[in-house]
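To keep things clear, I will list the structure first and then write my remarks on it.
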Amino acid sequence: MNAASPHYGNYRFDKIFPLIVDDSAHIRKLLKDVLFCFGCTRVIEASDGSEALATLKQSRVDVIFTNWVMSPMDGIEFLKQMRNPDNSPDPYVPIIMISAHSTLDHIKRSRDAGANAFLTKPFTPASLARILATIIEAPRPFIKTKTYFGPDRRVKDFPQQSEDRRVAAA
């Protein structure tokens, strides 16, 4: 993949509208810069989960990147709020959890809260592109049980989807 190209495989990233939710202005800028290099022309930002929920009442997005550790609302609580079909502005939007804590427990907790995927910091532009392409081109079906609503948690080859150890199916 050419870092300046809006293409990855058969997907054109210039057509997606992402939301970045992270309390670190530095990480938001880094993600935004990488997404701009992929061809994204519109990217919105929020500094925590509660700000993101307010933003999503005004704007629809195609994918959300959320950090785990934030306050006052962290990424797990934000995921739970987003996956609540009764109150969410869009319970089906793909959500990628981003964290430097990549233990199996963190990946499972993220998955169980409704994340579509887990991206470990530090990440590479190639791993970010790969996970975006996978989520958009091969989405997992959503399921609803008494205790869970979100993407199907049954994933082959758990926890890794690719050879890049920074990218995991959530």
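Only the coordinates and a few stated rules stand behind these numbers; no lab work does. Predicted, not measured: the structure shown is a model, and the values here were computed from it. A quick note on method: Cβ atoms are made from the backbone with ideal geometry, for glycine too, and the neighbour counts reach across all protein chains shown.
Acidic (Asp, Glu), outside any loop (DSSP other than H, G, I, E, B) and either free of Cβ contacts under 8 Å to residues at least 40 places away in the same chain or touching a Ser or Thr at 6+ places or on another chain (Cβ under 9 Å) (or both): does that describe residue 105? Considered against the rule, which asks whether it is acidic (Asp, Glu), outside any loop (DSSP other than H, G, I, E, B) and either free of Cβ contacts under 8 Å to residues at least 40 places away in the same chain or touching a Ser or Thr at 6+ places or on another chain (Cβ under 9 Å) (or both), residue 105 comes out as yes.
Cβ-Cβ contacts under 6 Å between residues 6 or more apart (or on different chains), taken from a first residue in the range 41-55 that is farther than 14 Å from residue 70 by Cβ to a second residue that is of a type in the set (Lys, Arg) and surrounded by 17 or more Cβ atoms within 10 Å (Cβ to Cβ), are listed as 43/32. Taken across the range 6-24, residues that are over 14 Å from the mean Cα position of the chain (by Cα) and of a type in the set (A, V, I, L, M) do not occur at all. Within the range 127-143, residues that are over 17 Å from residue 112 (Cα atoms) reach partners that are of a type in the set (Asp, Glu) with beta carbons closer than 6 Å, at six or more positions or on different chains, in the pairs 127/164.
For every residue, the table says whether it meets (1) without any contact (Cβ under 8 Å) to a residue 60 or more places away in the chain; (2) part of a strand (DSSP E or B); (3) closer than 29 Å to residue 146 by Cα; (4) touching a Phe, Trp or Tyr at 6+ places or on another chain (Cβ under 7 Å).
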site: 28; (1), (2), (3), (4): yes, no, no, no
site: 66; (1), (2), (3), (4): yes, yes, yes, yes
site: 76; (1), (2), (3), (4): yes, no, yes, yes
site: 85; (1), (2), (3), (4): no, no, yes, yes
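Mind listing just one residue for me: the one in the range 114-131 that is of a type in the set (A, V, I, L, M, F, W, C) and either in contact with a strand residue (DSSP E or B) (Cβ under 7 Å, 6 or more places away or on another chain) or not in a loop (DSSP other than H, G, I, E, B) (or both) and, of those, nearest to residue 90 (Cα to Cα)? If you could, list the steps in order and put the result at the bottom.
Within the range 114-131, the first condition is being of a type in the set (A, V, I, L, M, F, W, C), and the residues that meet it are 115, 117-119, 123, 126, 128-129, 131.
From what's left, either in contact with a strand residue (DSSP E or B) (Cβ under 7 Å, 6 or more places away or on another chain) or not in a loop (DSSP other than H, G, I, E, B) (or both): 115, 117-119, 126, 128-129, 131.
Numbers: 115: 14, 117: 17, 118: 19, 119: 21, 126: 27, 128: 22, 129: 23, 131: 20 Å.
Going through the qualifying residues, I end up with 115.
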